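The values are calculated or read from the model by the stated rules, or taken from the named source; none is laboratory data. Just so it is clear, the model here is predicted, and its values are computed rather than measured. Neighbour counts run over all protein chains shown; Cβ positions are idealised from the backbone, glycine included. Accessible surface areas use protein heavy atoms only, side chains included; no ligands, DNA or RNA. Shrake-Rupley method; radii C 1.70, N 1.55, O 1.52, S 1.80 Å.
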2 protein chains.
Amino acid sequence: MDFDLEAFLPYRLNRAAECVSLRFAAEYRGRYDMTRPEWRTLAALGAKGRMTATEIGAHSAMHKTKVSRAVRALEERRWLRRQVDEADRRIEHLELTAAGRRIHAEMVVLARRYEEELATLLGDGIRALEAGLSAVETAMIGRRPA
Amino acid sequence: MDFDLEAFLPYRLNRAAECVSLRFAAEYRGRYDMTRPEWRTLAALGAKGRMTATEIGAHSAMHKTKVSRAVRALEERRWLRRQVDEADRRIEHLELTAAGRRIHAEMVVLARRYEEELATLLGDGIRALEAGLSAVETAMIGRRPA
DNA sequence: AATGGATGGTTACGCCTGCAACCATCCGGA
DNA sequence: TCCGGATGGTTGCAGGCGTAACCATCCATT
């Protein structure tokens, strides 16, 4: 009976993630009209240079349909180019165009600025949060719901 | 350029929340075919006994349309009853029916079990996580995206 | 008593999502 | 060579979501 939703970990995690994430999403949505999957795809490609859709999905923990649609959206803006693999024609190698790399560079600046903002907002708590997230990552990520 | 999405706090928070939350949602979805807003509404009413939709929204950080839909769904299952306020007929007081309280009791058991599972999975990390979440809550919750 | 603004709650619309089914291609074994 | 299963990727569909517009009701002011 005396169960407090306020104290339930999944609930708290969700709310915190929502809040932290939306605050940043508001920045790039307003500027570039991008969705989160698009931003993540851009970030992954910007960092690694050349990946397949499957690799992006694995790296970013996104469902493959999400990746597929994000890739199409980025391609339509000419921020991304596809290249069919010569040896295995199912595979598409993805890479950013010059315009895509330019946008990526701008977004990295935004991201870094937001990281600093978070650091000052959270103070020492940020270290605890990072430690806790590491614990979740090693214990649970990848594990399918029982 | 060398920006690693893997290390970006909003991203990590989201992934952890998704993982922790989905794992539990799978339990009650499978058993009761409930959505998260419905579960949260049930939990809030089970704990407080009698609330209005607006109060539930404020308490659980849910958009009022979410609450509205969850209330209707729970009402259709006869787990919840509405009662129009005599003095102010805009207000609807909500409370669980006997059946609703029964389900709530079952779900509290599930939630507690999951809390224990998390505690063993995360080990000491759970304390760090809770501290980090507290920091986020005091620093950011309620604050609208700039 | 009348009115304009505030409040509780619902709903039409369009966007995003995951599931499942699908297409094309590859590969290993008969 | 042919076939069946596996893999990369796309899409139809149904459902959840937030925005904005909406209805009903209340209340303070006049």
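Here are some notes:
- Flag if B:E95 is under 12 Å from B:T41 (Cβ atoms) and either within 11 Å of DNA strand C (Cβ to nearest atom) or polar (S, T, N, Q) (or both): no
- Unique match (being within 12 Å of chain A (Cβ to nearest Cβ), among the hydrophobic types (A, V, I, L, M, F, W, C) and more than 16 Å from the chain's Cα centre (by Cα)) among B:L45, B:L13, B:L22: B:L13
- Scan of the range A:39-57 for residues that are surrounded by 15 or more Cβ atoms within 10 Å (Cβ to Cβ) and within 13 Å of DNA strand D (Cβ to nearest atom), ordered by number: A:T41, A:A44, A:L45, A:M51, A:T52, A:A53, A:E55, A:I56, A:G57
- Selection from the range B:60-86 of residues that are more than 12 Å from DNA strand C (Cβ to nearest atom) and without any contact (Cβ under 8 Å) to a residue 40 or more places away in the chain: B:S60, B:R77, B:R78, B:W79, B:R81, B:E86
- Considering residues of the range B:85-133 that are surrounded by fewer than 16 Cβ atoms within 10 Å (Cβ to Cβ) and β-branched (V, I, T) only, the residue nearest to DNA strand D (Cβ to nearest atom): B:I91
- Summed over the range B:58-76, the residues that are open to solvent by less than 80 Å² (accessible area, probe 1.4 Å) and not acidic (D, E) give a count of 11.
- Hey, A:E6 surrounded by fewer than 18 Cβ atoms within 10 Å (Cβ to Cβ), more than 15 Å from DNA strand D (Cβ to nearest atom) and in a helix (DSSP H, G or I) or not: yes
- Scanning the range A:103-139 for residues that are outside any helix (DSSP H, G or I) and more than 8 Å from chain B (Cβ to nearest Cβ) yields nothing.
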